[in-house]
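These notes concern the structure reproduced below.
The values are calculated or read from the model by the stated rules, or taken from the named source; none is laboratory data. Remember, it's a predicted structure, so these values are computed and weren't measured experimentally. Cβ: placed from backbone, ideal geometry, glycine included. Neighbour counts: every protein chain shown.
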Amino acid sequence: MQKLLLLGDEAIAQGAIDAGLSGVYAYPGTPSTEITEYIQASREAKERNIRSNWSANEKTAMESAIGMSYAGKKALVCMKHVGLNVAADAFVNAAITGANGGLVVLSADDPSMHSSQNEQDSRFYGKFAMIPVLEPSNQQEAYDMTRYAFALSEKFGTPVLIRVTTRLAHSRAGVQRVEVLDQNDLHLPSNLKQFVLLPSIARKQYNQLLGKQARFEADALTSGYNQLIEKDNHKLGIIACGLAYNYLIENFEDHQVPYPVLKVGQYPVPHDLVRKLYDQVDEILVLEDGYPLFEELLKGYLNNGKKIMGRLDGSIPMAGELNPNIVAHAMGIPVNVGHQNPTVIQGRPPSLCDGCSHTDSFLALNEALRNFSSGRVFSDIGCYTLSALKPLESINSCVDMGASITMAIGAADAGLVPSVASIGDSTFTHSGMTGLLDAVNNNSPIVVVILDNSTTGMTGGQQSSALGKIDTICLGLGVHPDHIKIITPLRRNHEENVKVITDELNYQGVSVIIARRECIQTLGRRMKLKAMQKMESNN
Amino acid sequence: MKKDIILAGVGGQGILTIATVIGTAALMEGLQLKQAEVHGMSQRGGDVQSHLRLSSKPIASDLIPEGKADLVISVEPMESLRYIIMMNKETGWLITSMNPFINMSNYPSLEELLAEIWNLPRNVTIDAEKVAKELGTVKAANIVVLGAASPYLEIKFDNLEKAIESIFAEKGNDMIQLNLKALRAGRELADKRG
């Protein structure tokens with residue numbers, strides 16, 4: 001087969017399809033979104049009947065994947081790093097239940113926070129759950145490791161975590177495919193109580209997981225994904241995890257590093273390999289994207305061994321993703337210097353699109369709140385978070401998916417009345433509904449503005465689980481029908497919308513205002529498609 | 001052969017299309033490539049960049065090391081300057097359109113920007129929008145810039161043409177012809193500069 005030019009995300013998707021995947025479960029989140037999108041668009045995946053609809057959130061995705069694994073088939077669940085926080089309950093317990101059909105969890109980290117709220121390192125979750133973690137260093141490995149992850153999962157009856165970072169997820173390179181494996185047949189676990197985590201059973205299952213640890217490490221020694229590359233100069237030894245390996249070799253002619261290097265791609269990292277490296281060198285440099293997870297392990301609390309350099313001793317900055325020059329600096333290698341950037345350059349932060357419905361919603365909200373003291377709008381995660389910036393400067397919080405409604409409840413409880421929540425439609429069904437139920441049960445004096453652009457906008461316009469359901473969900477959760485208002489955020493409706501919001505701000509109970517107008521981007525795409533279809537039918 | 005290229009612009013200006021055309025042509029020539037893109041939040045009217053690395057030998061890093069880019073190809077003048085820190089000071093070329101994309105209140109004066117660009121030892125500035133408009137649509141400005149950059153790519157011009165034919169195939173023959181014209185017009189501008 002000819003090589004395909006694939007994003008790291010796409011290589012994972014193709015790798016999963018070729019490994020005999022039966023279903024992918026995910027909620028969109030940069031930089032993981034393209035995995036599921038690739039499977040949704042893949043003709044092969046369609047022919048093979050691989051399910052790929054979006055889930056309401058990462059927890060529901062994770063649980064559905066566990067269900068598919070229980071039924072004996074191979075399931076992939078994908079999320080961005082903070083999505084793993086949402087799925088954590090199911091994820092950690094899946095390590096205790098173990099897997100039946102191959103169960104692979106993909107978490108895409110975002111060091112340097114290109115599109116995120118933090119730069120947490122998913123490898124910690126793998127260690128926490130005590131399951132194998134794979135970390136590819138390039139697109140080909142992303143493809144190969146995905147296939148290997150399913151095999152590993154079925155061999156040991158355990159979920160396997162694959163960790164990538166933005167740089168690999170969104171970088172393209174040639175990938176060589178191998179033959180396509182069949183999907184599994186439906187087959188339930190031999191022990192039908194394996195997934196029943198009653199304490200008495202969970203204790204047994206946990207002991208089994210503990211018993212597998214040595215085998216996980218043994219596999220990481222023989223899989224080929226951890227390699228000790230021997231060299232003659234023993235002044236320094238380098239441990240390079242995932243992508244960091246590329247940044248290391250980039251600094252050397254023909255990629256020949258003069259020092260021994262332990263290239264890490266699978267965790268737990270085998271003690272044998274680490275000891276072999278440690279014993280032969282004077283000092284060690286640890287290169288890893290994300291937190292200093294391995295560096296800290298190696299150093300130990302008392303740091304009374306050989307000198308270990310990395311993020312903890314300042315050889316590498318604590319925050320942000322690695323790059324070739326950071327590695328060069330840490331090793332004292334001289335680097336090229338480009339032209340100085342002139343001072344005339346100004347920042348160009350992202351902004352809401354021209355004609356975006358959110359702009360009109362926030363202009364109305366800003367005006368309705370003019371007679372109140374500032375600082376009472378709790379918001380959420382989506383395009384509308386950009387309303388924190390100039391010129392709108394409308395919102396005062398963005399913490400995690402769904403937090404707008406629940407933070408408004410707490411602030412109202414503390415006496416900040418009225419408190420306002422602004423949340424997108426997809427975020428609302430992701431994690432806002434339970435908060436709204438709390439608000440109803442509390443009779444909290446809050447106004448919830450659901451910014452319904454009928455899509456998951458920020459990640460590129462994926463189908464929103466909320467589509468066509470918001471009004472009935474709010475009614476069902478017990479919001480009084482008189483206080484569910486639907487407005488159309490358009491400039492020409494401004495006065496009317498301000499009045500609706502003002503009235504609800506004066507109501508001492510839960511109000512929901514649904515500001516509904518389609519995302520300008522998805523609308524544009526829809527119109528283009530329609531025009532093309534019309535042209536085709538005319539021909 | 002090795003070419004490290006930074007592509008720069010504002011979200012929606014079509015720099016990924018430039019990358020795809022170069023990448024497709026590079027594959028025709030049997031080159032290896034890596035291309036790091038920017039997706040997600042930074043796309044929304046913000047600055048975007050892509051690192052495109054071509055080589056006859058294996059490529060390690062997805063990111064071009066600072067100070068080592070052979071080319072900065074930009075569809076916007078201020079954005080072109082944002083990446084000159086990435087450019088090789090001794091050998092690097094800057095190829096940019098001189099058409100500002102103004103979606104901010106503190107956009108600097110075009111004269112100042114052009115002065116900075118012209119101050120660089122190796123630069124090509126073109127009025128890509130004017131050329132694209134004459135061809136029928138300002139949207140082809142990105143391909144005009146690619147045409148102007150083509151003499152510096154070490155990739156055969158007819159392979160770039162073939163790449164355009166394959167990439168725009170599903171959009172119909174009109175789009176193919178428009179973009180081929182845009183590519184050639186950009187090339188002419190660069191050649192005229194001499």
Quick check on my filter: what residues within region A:322-351 are more than 7 Å from chain B (Cβ to nearest Cβ) and either under 30 Å from residue A:388 (Cα atoms) or in contact with a His (Cβ under 8 Å, 6 or more places away or on another chain) (or both)?
A:322, A:343, A:347
Identify, by number, the condition in (1) surrounded by fewer than 24 Cβ atoms within 10 Å (Cβ to Cβ); (2) of a type in the set (Gly, Ala, Ser); (3) more than 11 Å from every other protein chain (Cβ to nearest Cβ); (4) within 12 Å of the chain's Cα centre (by Cα) that residue A:122 doesn't meet.
(1)
I want to confirm something. Restricting to region A:8-32 and keeping residues that are in contact with a Phe, Trp or Tyr (Cβ under 9 Å, 6 or more places away or on another chain) and over 14 Å from residue A:146 (Cα atoms), which single residue is farthest from the other protein chains (Cβ to nearest Cβ)?
A:25
All but one of (1) more than 24 Å from residue A:139 (Cα to Cα); (2) within 7 Å of chain A (Cβ to nearest Cβ); (3) not in a helix (DSSP H, G or I) hold for residue B:34, so report the exception by its number.
(1)
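Scan region A:462-470 and tell me whether some residue there is under 30 Å from residue A:30 (Cα atoms), assigned by TED's automatic domain parsing to the domain that holds residue A:425 and part of a helix (DSSP H, G or I). Break it down into steps so the answer makes sense when it comes.
To start, the set of residues in region A:462-470 that are under 30 Å from residue A:30 (Cα atoms) comprises A:462-470.
In the following step, the residues that additionally are assigned by TED's automatic domain parsing to the domain that holds residue A:425 were identified as A:462-470.
If we keep only those that are part of a helix (DSSP H, G or I) too, we end up with A:470.
There is at least one residue in region A:462-470 that is under 30 Å from residue A:30 (Cα atoms), assigned by TED's automatic domain parsing to the domain that holds residue A:425 and part of a helix (DSSP H, G or I).
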For region A:373-391, what are the residues that are of a type in the set (S, T, N, Q) and more than 10 Å from every other protein chain (Cβ to nearest Cβ)?
A:373, A:374, A:379, A:387
Looking only at region A:156-167, decide whether some residue is at pLDDT 95 or above, hydrophobic (A, V, I, L, M, F, W, C), in the same structural domain as residue A:33 (by TED's automatic domain parsing) and surrounded by fewer than 24 Cβ atoms within 10 Å (Cβ to Cβ).
yes
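I need a count of the residues in region A:270-301 that are farther than 24 Å from residue A:125 by Cα and either free of Cβ contacts under 8 Å to residues at least 40 places away in the same chain or not in a strand (DSSP E or B) (or both). Give the derivation first.
First, the residues of region A:270-301 that are farther than 24 Å from residue A:125 by Cα: A:275-284.
With the extra rule that they be either free of Cβ contacts under 8 Å to residues at least 40 places away in the same chain or not in a strand (DSSP E or B) (or both), the set shrinks to A:275-282.
Adding up the residues that qualify gives 8.
Report, by residue number, each residue of region B:90-104 that is assigned to a loop (DSSP other than H, G, I, E, B) and more than 8 Å from chain A (Cβ to nearest Cβ).
B:90, B:91, B:98, B:99, B:100, B:101, B:102
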List the residue pairs whose Cβ atoms are under 6 Å apart, where the first residue sits in region B:29-40 and is within 10 Å of residue A:167 (Cα to Cα), the second is of a type in the set (S, T, N, Q), and the two are 6 or more positions apart or on different chains.
B:36/A:171; B:37/B:50
Restricting region B:58-75 to residues that are under 24 Å from residue B:147 (Cα atoms) and in contact with a Ser or Thr (Cβ under 8 Å, 6 or more places away or on another chain), the residue that is nearest to the other protein chains (Cβ to nearest Cβ)
B:72
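Among the residues in region A:308-316, are any outside the structural domain of residue A:251 (by TED's automatic domain parsing), of a type in the set (A, V, I, L, M) and surrounded by 14 or more Cβ atoms within 10 Å (Cβ to Cβ)? Break it down stepwise before answering.
Residues of region A:308-316 that are outside the structural domain of residue A:251 (by TED's automatic domain parsing), as a first pass: none.
No, because not a single residue in region A:308-316 is outside the structural domain of residue A:251 (by TED's automatic domain parsing), of a type in the set (A, V, I, L, M) and surrounded by 14 or more Cβ atoms within 10 Å (Cβ to Cβ).
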